[in-house]
Structures are given as structure tokens and as C-alpha cells.
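Notes follow the structure.
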Amino acid sequence: MAGRGVKIVGGIAAAVVALAVIAYGVVMTVPSVQDALMVRVIKARLSDRSQAALLTDGGLHLAICGSGSPMPDPTRANACTAVIAGGHIVIIDTGPGSWKKFAQMRLPGGKIDTILLTHLHSDHIGDLGEFAVQSWINGRDKPLDIFGPAKLPSPALAPDSEGHEYGTSGTLDVVKGFALAYDADSAYRILHHGADYLIPDGARIVGHEIQTPNRDELVTVYDKDGLKISAFLVDHHPIEPAYGFRVEYAGRVAVLSGDTKKTESVERFSKGADLLIHEALNHDMVKLMEGPVKELNSPRLSKMLNDTINYHTSPVEAAEIAKAAGVKLLVYSHIVPPLVNALSEKMFMRGVAEARGDGDVRIGHDGMLISLPAGSDKVEVSNLN
Ligand SMILES: [Zn+2]
Ligand SMILES: [Zn+2]
């Protein structure tokens, strides 16, 4: 009896395999079947616009469109966080590769009305032009406002061999530079599609410098339909000013540290927050990288690696801040070094549980959505990728 049962099961399995092989053969060889499948996938993708509901569901949402750093990481774009609430999308930092990550989350790019820059390092501004042009293509028909820091107070740098001085530009100049770089692209698109379809006003980007506050002050940079975002100074010396942001909507609060070493202002403005997204560079892991780099006879690279340690926060230090501030959820972003497997994640998190105490902590990833529903103290984490 048992032998007969095995035979029946074996026969069914053989039939299933045979059918799968036939189906594969049909899909791979019959164009009309391929076309029908493609239309089906496109329809599913187009109807999957459910993320637009995040704008109007009454909650405050933060989506990570870049959780990496300048060190190449196959899964992480550079710094980028989308704030979604009250019918608006505000982007905080536009690091290289981050537009693509934002688009993959199927968020409505045309609803982006403002970009905030924590500071002007390249890993925070590289995709500014892409965010501007792509949000326009996706339906934004008014100019895009971009807020960021003023120029360095006193760079005092020697000019280069051609007499060019560095450190003379702030956000206004950066925005002007991007506008110039994308001017031809804007013209091409208007000429090609027509001004009725690509409203010329939407091609414009307008820079604003954040009024530098005192060390213990918040300065409001965005206040629309109940969504309020304020800037505060952090310590990313010698990059000055550099900002963190406090986001408030419907009684919920999220704080972003920006790039900073462990600093008191993040703790102060995170008091009682629902969420703290903090940058994190594991000092011990970066120090481990220095040995092999030196062996490659690259003292220059070794020095630069060492320099990164002194203006970034370790995961343990960020956990101490979150604990002291009583933050519900701590999420690491701007992660250094790249975490390529479970072992490196384990090393990255060494000592974090002890420092964090009872509070939640997560390693951020591109596509992560953190939702803070209105009228609730819940913190919900999901994945939009
Ligand atoms: Zn930086
Ligand atoms: Zn950075």
C-alpha cells in the first residue's frame, strides 16, 4: 500500500513538473502570451498607488529613500528621508541614488513641494537635480523650494593653483548651480512635450538659506497644513552650519539627526519623540578597516578614514541619546560601514542593546516606512520596496 501511495505522489509530481516545463516553454516562445503578461504586470503596477493614501490618512510617515553613506553599498543610496503628512511630501537630503529609491517606493513624486538640506556634503545633495526634474515630470507644477545652510562662516582656505577660493558658496549658490546644470534639460522637455503638459513654472527651483539659530534654539523652516519642521544646529565640525530637523504633525514627533558627532542638541530636541532617525558610524569597524588600508600602502586613505570617526556618532552613542531622550523608536541611517551580511550587522550593533535599555532600535534600510498614526502612540514599521 505504501509503495502504491509513493507511486501516486511521484506521478502527480512528475505531471506538475511537466506542466511547469510546458508553461515555461509557452511563455518563452509565444509573443502574444509575453505581451499579455506584460500588460498584466503594468496594470498591477499602475493600480498599486496605495502609497498616495499616506498623504491624507491623518498620520505622520517617514520613508527612508537613502540609508547609506559615501562608502559604496549595493543596497543603500546616500542620505535621504521623505516626510509625508497633511497632503505634503518634504524630502530631507537628496544623496546620490536616492531619487531611484524614492520612486521604487511608489510614492507620488509630484507632491514633493520642499527639499531640506542638513548640510552641503555631496552625499546629501547629489540627487538634488534629479528630485527637481523628476518631481516636475511627475506633476509638480509650481517651483520647488529648497532650504539649507548658509555658506561657511570663515573658511580661511588658501586658494588653489589657479587662484580659485573654496568655501564661498551656500545653499543659494548650490541651487543656482543645479538650476544652471539642468537648464538645457528643462528646455528639451518643454520643447518635446509642450508647455501644457510640462508646466514651465514647475521647472524652477528656488533656494532659501535657513536663518542660523543659536545652539539651544529651534528655527521653523516649514509650516503648512499642520506639518511643522524646525531646524537645530548639530556638531559636524568643521562643516558649519549643519542641521538636524524636528518634525511635528498631529501630536506626533520625529527627529532626524543629520550628520553629527554625539551632541547634546539632538537629545534636547528629541525629548519624548516617537521616532529618532540617527546617523551611525561604527568607530570600531572603521578602525578595523584602517589596518588593511595601511597595508595597501595608502596612508592618505588611512588618514581620511580616521578623520570620519571624529565627526560621526557611533551606534552605541546614538542609543545613549535615544535612551536619555525617552524616544520610542531609534532607527539608524547614514550607516557606515556598509553592512553586507548578518555578521557585519551583529558587529555594528555590539553594545547597543545595553546602551538602549528597554527602547526599540532598528537598522534602517532603503524602502523602510515608519508610520506614526494620529490619535495613537503606536509606531509602525513596514517596507515599501
Ligand atoms: Zn556630512
Ligand atoms: Zn553624510
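Every read-out reported here was derived from the displayed coordinates using simple, explicitly stated rules and does not represent laboratory data. Quantities reported herein were computed from a predicted structural model and do not represent experimental measurements. Methodologically, a virtual Cβ is constructed for each residue, glycine included, from the backbone with ideal geometry; neighbour enumeration extends over all protein chains shown.
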message: Students often check this: by mean Cβ neighbours within 10 Å, which of 115-122, 173-180 ranks highest, and how do the rest follow?
response: 115-122, 173-180
query: Which residue, ALA15, ALA103, ALA319, has the most motion in a Gaussian network model of the chain that connects Cα atoms within less than 10 Å?
result: ALA15
- request: Evaluate E = 1/(1 + (r/R0)^6) for ALA184 and SER298, where r is the Cβ-Cβ distance and R0 equals 41 Å; express this FRET efficiency to the nearest 0.05.
  value: 0.60
query: Which shape class, rounded, prolate or oblate, goes with the range 175-255 when its Cα gyration tensor gives a ≥ b ≥ c as root eigenvalues, a/c under 1.5 marks rounded, and past that a/b bigger than b/c marks prolate?
result: oblate
query: Using unit Cβ charges (K, R positive; D, E negative) and no other charged atoms, how large, in debye to the nearest 20, is the dipole of the chain about its Cα centre?
result: 1540
query: To the nearest 0.05, what FRET efficiency results for ILE137 and VAL6 with a Förster distance of 35 Å applied to their C-beta separation?
result: 0.05
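Provide the net charge surrounding GLY97, with neighbours chosen by a C-beta distance below 15 Å and charges set as Lys +1, Arg +1, Asp -1, Glu -1. Don't skip to the answer; put the middle values down first.
On the way: positive: ARG76, LYS100, LYS101; negative: ASP73, ASP93, ASP123, ASP127, GLU130, ASP366.
Net charge in that neighbourhood comes out at -3.
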- prompt: Cβ under 13 Å from THR75's Cβ, THR75 left aside: what net charge do those residues give with Lys, Arg +1 and Asp, Glu -1?
  reply: 0
- line: The local net charge around GLY139, scoring Lys/Arg +1 and Asp/Glu -1 for residues other than GLY139 whose Cβ lies under 12 Å from its Cβ, equals +1
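For the chain, what does -39500 (n - 2.57) per DSSP helix run (n ≥ 4), summed and divided by total residues, give at 222 nm, in deg cm²/dmol to the nearest 500? Walk me through the intermediate numbers first.
Details: 13 runs with 141 residues, N = 385.
Estimated from H runs of four or more residues: -11000 deg cm²/dmol.
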query: For labels at LEU19 and THR168 in the simple 7 Å Cα→Cβ model, what's the distance in nm?
result: 7.4
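Arrange the peptides 350-363, 303-316 so that the one whose residues have, on average, the most other Cβ atoms within 10 Å appears first. It would help to have the intermediate numbers written out before the result.
Working: 350-363: 15.0, 303-316: 17.4.
Most protected by this proxy first, the peptides run 303-316, 350-363.
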statement: Sorted largest first, the Cα spans of the range 1-102 on the principal axes come out in Å as 65, 33, 31
message: For the pair ASN383/ASP284, report the inter-label distance in nm, with labels modelled 7 Å from Cα in the Cβ direction.
response: 2.7
